[in-house]
Amino acid sequence: MSPPTSGKSKESGTARILGSGASGVAELLVFHPVDTVAKRLMSNKANVSFSALSPIVFRDYATASLPKKLMSLFPGLGYAAGYKVSQRIYKFGGQPWFNEIITRNYKDEFTRIFGERKGKMMMQATAGSLTGIGEVVLLPLDALKIKRQVNPEAFRGRGVLRIFMEEGTTLYRGWGWTMARNAPGSFALFGASAVTKEYALGVTDYSKATWTQNFIASIAGAVASITIAAPLDTVKTRIQNANFEQKVPGLTVVRDLIRNEGPTAFFKGLTPKILVVGPKLVFSYTLAQSLIPFFGKYV
């Protein structure tokens, strides 16, 4: 969750980039394995049973030692680092920027339609939604990360520069589904978080929320966001994890998924995501909130 901004920011842009970037790196090292598990479960098309869980999650390392199993959950770490750090910098800097623009230009309209209190929450949610839509520019890094996690054969020994030169716009496959997922997902994240602070916790100035209040609001927002975005996220993942030369339309993925696996398959991988979402958001949010003011003292 991005730090809410009201008025002029006290930290410089450099401090925000350094703090949010460091938060992204730390979050990546801790939570990348869980993300790998979620992606592999979402990409699995067979029925999941306890006996089949290990081969699905650990692939070729299902019978290997525990250290090797754990290391197998770190495929594509370089691509993941590029994506996650860029995403966190964009999230932490983008949402407050959008919120400032909306507040400066459209506050009266939001207040007239929704009222003072609800208008403020709607501006936060709308700023989050716009930020989420803009994340499509990072799609190539996300696509490469997912392929390394679930379909490493697609690389065939090629490096990242060669892939960018040869594949070009194919790295943007699923861009429409990504935007369709991010818009309601980010809206729910920031909206549910704001609603929780306003109505459940009695916080009117979001920037002055305590660590505990941010913890509770972040969990509420993240669970709402991930649940709402889960079906579209599953479709996006399956589009992106195919071989580069395969162009699979999203509607074909939806049709095949419903026909072969049933509607509940849209929510594959949801449980591990929800289980990690609380500590993941608290970790990244509190770390960024500590590091941004720290760097602000020097830059």
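The values are calculated or read from the model by the stated rules, or taken from the named source; none is laboratory data. Just so you know, these numbers come straight off a predicted model, no measurement behind them. In this analysis, Cβ positions are derived from the backbone assuming ideal geometry, glycine residues included, and neighbour counts consider all displayed protein chains.
A few notes on this one:
- Filter result for the condition that a residue is among the β-branched types (Val, Ile, Thr), modelled with pLDDT under 85, buried (at least 17 other Cβ atoms within 10 Å of the Cβ) and within 16 Å of ALA288 (Cβ to Cβ), over THR36, THR5, THR14: THR5
- Test: residue in region 200-212 that is out of contact with any helix residue (DSSP H, G or I) (no Cβ under 6 Å at 6 or more places or on another chain), of a type outside the set (S, T, N, Q), modelled with pLDDT of 85 or more and within 22 Å of ILE102 (Cα to Cα): no
- Filter result for THR131 (surrounded by fewer than 22 Cβ atoms within 10 Å (Cβ to Cβ) and not small (Gly, Ala, Ser)): no
- Filtering region 242-273 to residues that are out of contact with any Ser or Thr (no Cβ under 8 Å at 6 or more places or on another chain), surrounded by 12 or more Cβ atoms within 10 Å (Cβ to Cβ), hydrophobic (A, V, I, L, M, F, W, C) and modelled with pLDDT under 85 leaves ALA242, VAL248, VAL253.
- Taken as a whole, the structure leaves GLY132 outside the set of residues that are in a helix (DSSP H, G or I), farther than 30 Å from ILE163 by Cα and at pLDDT 85 or above.
- Taking the listed residues ILE146, ILE89, ILE113, the one that is β-branched (Val, Ile, Thr) and closer than 19 Å to PHE187 by Cβ is ILE113, with no other qualifying.
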